[in-house]
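Peer 1: Pasting in a structure now, in structure tokens, and then I'll have a few things to ask.
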Amino acid sequence: MTAFAAAVADASRALHLHAWRHPRANGAEGRCIGRTDLRVDPRRAKRLAHRIRAHARHHALPRVVITSPLRRSAVVGKWLARWGWTHRVDRALAELDFGRWDGQRWSAIARDEFDAWCRDFAQHAPGDGESVAALLQRVRGFDPGDARVLVTHGGWLSGALWLLDGGELTSERWPAAPRHDTHTALPWPLSAAGR
């Protein structure tokens, strides 16, 4: 087998996950939202489920979706389940736990607490919740099984994107979260592509 043929064979075996960020949650504007379990407009959730279903059809993906347990993600999976999909929930896809910051207005969080997190971005647990290092461990350890479609959160997706590119783990190098309702293709496992 030539080197080119081997590369083509490897590429055809590469697994990609199709991850979607949940619809914008009601009441999230200006607030630190991690594990705070906000609702989403049912019409937005249904629209995203339609887009995911069309994307899966176009790419011949299995009709299996894994979502975070938080409502803003799980409601999309429930729509897909109504249409015959298998819907599984996995806590590994949950958003970063901001502890006592969760649900607070960003403006109400003391500047020195926020600065302490930025100084030790990887290990400091904001609001005594979960550190970014712990989030990255959850992302690395996620097992999609036979699923190729995920509905998750901005922090989880930023973690996956950072693992793909690597580099120093600082607040300045942390990737911006993809927009709500958008698709991100992730080669899986991430360790094969990045760190």
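The values are calculated or read from the model by the stated rules, or taken from the named source; none is laboratory data. Bear in mind the structure is a predicted one, so any value in this text is a computation, not a measurement. Because the Cβ atoms are built from the backbone with ideal geometry, glycine has one as well, and the counts that use them run over all protein chains shown.
Peer 1: Is it the case that some residue within region 24-40 is assigned to a helix (DSSP H, G or I) and more than 15 Å from G154 (Cβ to Cβ)?
Peer 2: Of region 24-40, the ones assigned to a helix (DSSP H, G or I) are none.
No, every residue in region 24-40 fails to be assigned to a helix (DSSP H, G or I) and more than 15 Å from G154 (Cβ to Cβ).
One line per residue, one yes/no per condition, for (1) on the phi < 0 side of the Ramachandran plot; (2) surrounded by fewer than 19 Cβ atoms within 10 Å (Cβ to Cβ):
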residue: H87; (1), (2): yes, no
residue: G99; (1), (2): no, yes
residue: S107; (1), (2): yes, yes
residue: C118; (1), (2): yes, yes
residue: H124; (1), (2): yes, yes
residue: G145; (1), (2): no, yes
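Peer 1: Counting only residues that are of a type outside the set (A, V, I, L, M) and crowded, with 17+ Cβ neighbours inside 10 Å, how many does region 130-143 have?
Peer 2: 4
Peer 1: Looking at W79, W83 in this structure, which one is farther than 18 Å from G154 by Cβ, of a type outside the set (K, R) and crowded, with 17+ Cβ neighbours inside 10 Å?
Peer 2: W79
Peer 1: If I go through region 147-169 residue by residue, how many of them are at pLDDT below 95 and either within 15 Å of A92 (Cα to Cα) or exposed (fewer than 13 other Cβ atoms within 10 Å of the Cβ) (or both)?
Peer 2: 4
Peer 1: Name the helices (runs of 4 or more DSSP H) wholly within region 92-195 that hold at least 3 residues that are free of Cβ contacts under 8 Å to residues at least 60 places away in the same chain and among the hydroxyl-bearing types (S, T, Y)?
Peer 2: In region 92-195, no matching helices (runs of 4 or more DSSP H) lie anywhere.
Peer 1: A follow-up question, please. Filter region 41-66 down to residues that are surrounded by fewer than 16 Cβ atoms within 10 Å (Cβ to Cβ) and part of a loop (DSSP other than H, G, I, E, B), then give me how many there are.
Peer 2: Within region 41-66, residues that are surrounded by fewer than 16 Cβ atoms within 10 Å (Cβ to Cβ) and part of a loop (DSSP other than H, G, I, E, B) number 4.
Peer 1: Is it the case that A81 is under 16 Å from T36 (Cβ atoms), of a type in the set (A, V, I, L, M), in contact with a strand residue (DSSP E or B) (Cβ under 7 Å, 6 or more places away or on another chain) and part of a helix (DSSP H, G or I)?
Peer 2: No.
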